[in-house]
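Participant: Provided herewith is a single structure, encoded as structure tokens, for subsequent inquiry.
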Amino acid sequence: MNALAARTDALDLLLFDVCDNLQLSPTQHNKAEDRYKSIAKVIGAASSPFSHWDSNLYSQGSMRLRTTVKPSDTPHDLDLVCEFDVSHEDVNPMSLLDQMFTLFSDHGVYGGMVTKKNRCIRIEYKDEFWLDILPACRDDHNGGTCIQVPDRDRQHWKPSNPIAYADDFFRNASRRIVVKFSDSRRNLIVAEATAEPLPALQAIEEKTMLQLVVQLLKRWRDVHYANSEYPPISIVLTTLAAELYTGEQSIATALLEILEGIVGRLNSAHAQGHRLQVLNPVHREEDFSERWDSCPGAYLAFNDGIRKFATAWREVCMSQNNPGKLAKGVFGRVIDDAILREAGMMQADRNSSLLGISSTGRIVPVAAAVAPMIRNTNHGAR
């Protein structure tokens, strides 16, 4: 890994800027929050078919983990859970899903925007957001924060536990780095139609290494599978990354370590004659990769894509050529945006006399320099 270590500084800086560019803007986050609050009001209204049950609305998935990435060419989905304070054993799962669908399809605002998915209902806005609402009931058998959710394909309940999953993710993420998660770990609050606030928009400097890597995995997914019907779902990528992250403090090498770890798991599973399984680490009855059983093409696409990514990323890390040009083949045009941003920041520092030249000829902060950089004068306008 010596060759890798010699290149990680520049590459990590580039990747950090990529992740910064992938952040939702404050405007996008505020829009998501406003829509979240509106959904909570509809579910908690006196006219709602659920008004006789206490409920709690909370985020799950990328919004809860703060690994959301700005949409590229496809809408971004915000995943919500509406947990009702009633045992799943006393509720018909298909009726629950149907009632949630009817509530919004009959609503004056949402009527033409609602579709029924396998386990949730989706509200499709005209701009860059989808909003998926997953109805759920208390799982008294497993207890704690475990829930049961309806599954149309199976016409039955399915176990889940998004709150404990998020807590487990953050435990893995903090193996070396501990940052601010003041709003991200919450116990379920049961009251009349309560709604947890969405996790606050997190500054890029506050994110853990694991969060950054997950964002990069998602952007690779969006680029690599842009024209494919089989993109891997976020929860599979996130779970594998969390399980394989060991505390590496370089973004580039942490990503490589995780990619090669996934390839190793694929090889091990195939040697044993079965596919790779990706189970919920806090609820082993839930198989996040079950889609691959009914859709082998999706598994083949994942297997092929992740192996190509691992090979390409090792080349990026090891090559002496321009890492930005190589990385663009993996992450797309967001690399160009990051390079332009970094160049602009460097030019601003140079003009402010904050950069200098080290004894080895490298551009460094002025405090570490042996000679200041000469300010650049642009004569192009003359």
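The values are calculated or read from the model by the stated rules, or taken from the named source; none is laboratory data. None of these values were measured; they are calculated from a predicted model. Because the Cβ atoms are built from the backbone with ideal geometry, glycine has one as well, and the counts that use them run over all protein chains shown.
Let's see how each residue does on (1) in a helix (DSSP H, G or I); (2) at pLDDT below 80:
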residue	(1), (2)
Gly297	yes, no
Phe302	yes, no
Arg307	yes, no
Ala312	yes, no
Asn321	no, yes
Gly324	yes, yes
Asp337	yes, yes
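Participant: What number of residues within the stretch 47-88 satisfy the criterion of being basic (Lys, Arg) and in a loop (DSSP other than H, G, I, E, B)?
Facilitator: Going through the stretch 47-88 one residue at a time, the tally reaches 2.
Participant: Anything in the stretch 153-176 that is among the small types (Gly, Ala, Ser) and buried (at least 18 other Cβ atoms within 10 Å of the Cβ)? List them, or say none.
Facilitator: Those that are among the small types (Gly, Ala, Ser) and buried (at least 18 other Cβ atoms within 10 Å of the Cβ): Ser160, Ala166, Ala173.
Participant: When you scan the stretch 40-88, how many residues do you find that are of a type outside the set (Val, Ile, Thr) and farther than 17 Å from Pro199 by Cα?
Facilitator: To start, the set of residues in the stretch 40-88 that are of a type outside the set (Val, Ile, Thr) comprises 40-41, 44-66, 70-73, 75-80, 82-85, 87-88.
Filter once more, keeping what is farther than 17 Å from Pro199 by Cα: 41, 44-55, 71-73, 75, 83-85, 87-88.
Qualifying residue count, the stretch 40-88: 22.
Participant: Give the number of residues within the stretch 261-289 that are in a helix (DSSP H, G or I) and under 20 Å from the mean Cα position of the chain (by Cα).
Facilitator: Within the stretch 261-289, the first condition is being in a helix (DSSP H, G or I), and the residues that meet it are 261-271.
Checking which are under 20 Å from the mean Cα position of the chain (by Cα) leaves us with 261-262.
The qualifying residues number 2.
For every residue, the table says whether it meets (1) surrounded by fewer than 19 Cβ atoms within 10 Å (Cβ to Cβ); (2) under 16 Å from Trp292 (Cα atoms); (3) in contact (Cβ under 8 Å) with a residue 60 or more places away in the chain; (4) among the β-branched types (Val, Ile, Thr).
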site: Ser234; (1), (2), (3), (4): no, yes, yes, no
site: Ala242; (1), (2), (3), (4): no, no, yes, no
site: Val263; (1), (2), (3), (4): yes, no, no, yes
site: His270; (1), (2), (3), (4): yes, yes, no, no
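Participant: If I filter the stretch 10-61 down to residues being assigned by TED's automatic domain parsing to the domain that holds Phe129 and among the aromatic types (Phe, Trp, Tyr), which single residue comes out as surrounded by the fewest Cβ atoms within 10 Å (Cβ to Cβ)?
Facilitator: Trp53
Participant: Here is a check on your reading of the model: is Phe16 among the aromatic types (Phe, Trp, Tyr) and either touching a Cys at 6+ places or on another chain (Cβ under 8 Å) or under 24 Å from Arg221 (Cα atoms) (or both)? Talk me through it step by step, then tell me what you get.
Facilitator: Numbers: among the aromatic types (Phe, Trp, Tyr): yes; either touching a Cys at 6+ places or on another chain (Cβ under 8 Å) or under 24 Å from Arg221 (Cα atoms) (or both): yes.
Here the answer is yes, as Phe16 does meet what is asked.
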